[in-house]
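This report concerns only the one structure given below.
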Amino acid sequence: MAQLAPELMEKNKLELAPYHRFTVEGRTYAVTIDRFRCTRLDDRTAAFLAAWESDPGVRPEDDVRSVLLKIGLLAADPGKTCPDEASRLERDCRAAGKWLGTDAARTDTLCLMVAQECNMACVYCYGSAGTYGGGGLMTEETARRSVDWLIRHSGGNQKLALSFFGGEPLLNLPVIRSTVAYAQETGEKNGKTFMFSMTTNASLVDAAIIDFLRTNRFTLIISFDGTPAAQNEHRPLKDGRSSHAAVAPRIKELLAAFPDACGRATLYGATDPAEVLAAMKEIGFRSCHLVAASGCLLTDAPSEKALFQREEERAADFRRGAAAFVAAVKRRDPAEAAQLIKDRELSRIISVANGPFQVRRLFFCGAGRNYLAVDVDGSLYPCHRFVGMREYRLGNISEAEDPPRGVFHQTPVSENGECRQCWLRYMCGGGCAYGNIASTGRPLRPDPAFCRQYGQTMEALLDAAGQLTAEDREFLYENNVVARPSCPLDF
């Protein structure tokens with residue numbers, strides 16, 4: 001590679017678009033940060049980028065320059081320069097402000113805390129044993145007024161959603177039933193369609209409940225820690241009895257009616273993530289979401305020793321799972337590929353492979369924007385995790401005005417220096433506000449453990465995706481291992 005004379009070096013520094021370079025098992029990749037386009041690099045291009053990162057005065061040979069142009073790191077027009085940090089920050093602030101002024105940012109989903117009571121005593125519960133500092137069951141009147149509030153404040157959104165949460169929401173089944181009927185009737189009168197979801201520990205499920213949920217097309221998340229040891233130790237029943245034997249048969253009944261229900265396991269202490277994932281697959285989950293326990297704000301936070309201790313092991317398991325998935329695809333084994341991709345994080349391989357993205361993600365989720373939670377008394381919170389924390393109370397469903405959202409209308413991508421420098425800022429959106437506060441004390445400052453884990457996960461996904469050819473992806477579509485992505489031009 002060519003080297004400029006010192007006096008010309010500053011003037012002629014090569015400008016490249018922001019990117020992230022990483023290596024997995026000898027395979028080196030570059031990801032363009034603005035578009036999240038990932039390319040596997042040849043040895044010469046990888047060597048040049050390593051040199052350029054130390055000395056921007058080096059110049060690429062013609063073959064390397066051609067690669068840099070092709071993968072979007074170098075502008076085709078010699079007179080064109082990449083936007084600087086200030087320009088990107090201005091662009092992101094403008095984009096966030098524009099989005100917040102649209103119907104897309106209006107509330108379209110309410111999480112109804114129909115039961116701030118629980119029949120389990122999970123050791124890692126962030127909701128103070130499911131009471132969220134208060135307790136009680138939501139009345140039918142409060143639930144109906146919540147539906148009315150959502151319809152009034154949803155703007156032009158025609159598709160609305162109610163999520164039933166707790167504690168254990170099925171402790172208040174009569175109110176769930178009446179609220180679903182009321183939402184359907186009232187929604188139809190107002191040109192709105194409602195979708196319903198629920199997070200449950202499955203302990204109260206019976207045939208009648210399954211029929212009701214199926215009739216009303218519920219989406220379900222089932223909280224379950226997989227192995228008997230983890231479930232019984234971390235999710236005992238309220239009276240102290242073990243819960244695995246009580247809930248496992250009911251989960252199987254639920255999965256027979258809702259095969260795509262997501263199983264959510266909380267990793268805590270010395271729990272073996274591989275054993276948990278295997279147990280969840282064995283009981284029948286097609287989609288498994290393993291999440292490390294976080295600190296708690298409403299109650300005394302678990303000690304650092306009590307929180308998940310096997311983060312590195314989980315990351316290694318994930319990398320092995322990604323490699324095994326690629327191997328199964330290469331040998332054209334659809335059954336094994338389908339089994340491996342039940343890990344919800346691993347299932348993102350194909351969406352990552354179909355990059356670059358068209359829209360930069362400026363928020364982690366809808367909390368405090370298009371998603372709010374309502375407690376048993378009708379108070380509004382940014383999301384279910386904040387319920388009971390009075391300092392984060394936004395308002396009440398009895399109030400006519402849409403409450404101000406404060407910090408939840410700010411994005412870490414533009415407000416936080418760490419996020420502005422992160423290669424994953426437009427994929428992540430700054431992390432969970434609750435998790436951020438629990439870790440750093442600030443909603444816009446990310447949890448370092450989350451950042452580390454997310455970065456490891458994305459590098460493993462990008463490496464796996466980078467090994468899949470067009471023929472490999474077609475094999476996955478044809479064998480229904482993953483759904484074929486829709487064309488953005490289809491209407």
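Over the range 101-143, what relative contact order in percent results from Cα pairs under 8 Å that are six or more residues apart?
Working: 31 pairs, mean separation 17.7, N = 43.
So the answer I get is 41 percent.
Please provide three numbers in whole Å: the alpha-carbon extents of the range 106-175 along the principal axes, with the largest listed first.
Here the spans come out as 42, 23, 18 Å, largest first.
When only C-alpha pairs under 8 Å and at least 6 residues apart count, what is the relative contact order of the chain, in percent? Numbers along the way, then the final one.
Working: 832 pairs, mean separation 74.2, N = 491.
This gives 15 percent for the chain.
With 5 Å bins from zero, work out the P(r) of the range 226-326 over every alpha carbon pair and list the percent per bin.
2, 12, 19, 23, 20, 14, 8, 2, 0, 0
Considering the Cα positions of the range 66-211, please state its Rg to one decimal place and its Dmax as a whole number of Å.
For the range 66-211, the Cα radius of gyration and maximum Cα-Cα distance read 22.9, 69 Å.
Val359 label point, 7 Å along Cα→Cβ, cut-off 19 Å on backbone N: hits in the range 381-421?
Zone members listed by number: 409-414.
Please give every one of the aspartates and glutamates within straight-line cross-link reach of Lys70, meaning a C-alpha to C-alpha distance under 14 Å, and leave out same-chain neighbours fewer than 8 residues apart.
Counting by Cα, and skipping residues close in sequence, Lys70 has these aspartates and glutamates nearby: Asp42, Asp62.
What per residue convex hull volume, in Å³, comes out for the chain when only alpha-carbon positions are used? Let's see the in-between values first.
Values: hull volume 81.4 nm³, N = 491.
Dividing the Cα hull volume of the chain by its residue count gives 166 Å³.
Tell me which aspartates and glutamates have Cα within less than 12 Å of Lys192's Cα, excluding those fewer than 8 residues away on the same chain?
Asp108, Asp148
Tell me the Kirkwood radius of the range 151-284: reciprocal of the mean inverse pair distance over distinct alpha-carbon atoms, in Å.
Its Kirkwood hydrodynamic radius stands at 16.2 Å.
Just to verify a number: FRET efficiency for Glu399 and Tyr477, C-beta to C-beta distance, R0 = 41 Å, to 0.05?
Values: r = 49 Å, r/R0 = 1.19.
With a Förster radius of 41 Å, E is 0.25.
Choose one of Ala183, Asn370, Ile350: the residue whose Cα lies farthest towards the positive end of the charge dipole of the chain (beta-carbon charges +1 Lys, Arg; -1 Asp, Glu; about the Cα centre).
Highest projection toward the positive end goes to Ala183.
Read phi for every residue in the range 183-196 and hand back ³J(HN,Hα) as whole Hz from Karplus 6.51 cos²θ - 1.76 cosθ + 1.60, θ = phi - 60°, with x for Gly and Pro.
5, 5, 5, 5, x, 4, 5, 10, x, 10, 10, 9, 10, 10
What translational D, rounded to a whole number of µm²/s, comes out for the range 17-127 from Stokes-Einstein when the hydrodynamic radius is the Kirkwood one over Cα pairs, at 37 °C and 0.692 mPa s? If you can, show how the numbers build up before the last one.
Numbers: Rh = 18.4 Å.
It comes out at roughly 178 µm²/s.
Please list, in chain and number order, the residues 5+ apart from Cys111 or on another chain whose amide H is under 5 Å from its amide H, with Hs placed from the backbone.
Ser163, Leu372, Ala373, Val374
Grab the other residues whose beta carbon is less than 10 angstrom from that of Ala30, score K and R as +1, D and E as -1, and report the net. Show your work: numbers first, answer last.
Working: positive: Arg21, Arg37, Arg40; negative: none.
Net charge in that neighbourhood comes out at +3.
Where Rh is the Kirkwood radius over the Cα pairs of the range 355-491, the temperature 4 °C and the viscosity 1.567 mPa s, what D in µm²/s does Stokes-Einstein return? Show your work: numbers first, answer last.
Working: Rh = 17.6 Å.
Taking Rh from Cα pairs, D becomes 74 µm²/s.
Taken together, the values in this text are just the output of simple stated rules run on the coordinates, not laboratory data. This structure is a prediction, so every number in the text was calculated from the model and none was measured. A quick note on method: Cβ atoms are made from the backbone with ideal geometry, for glycine too, and the neighbour counts reach across all protein chains shown.
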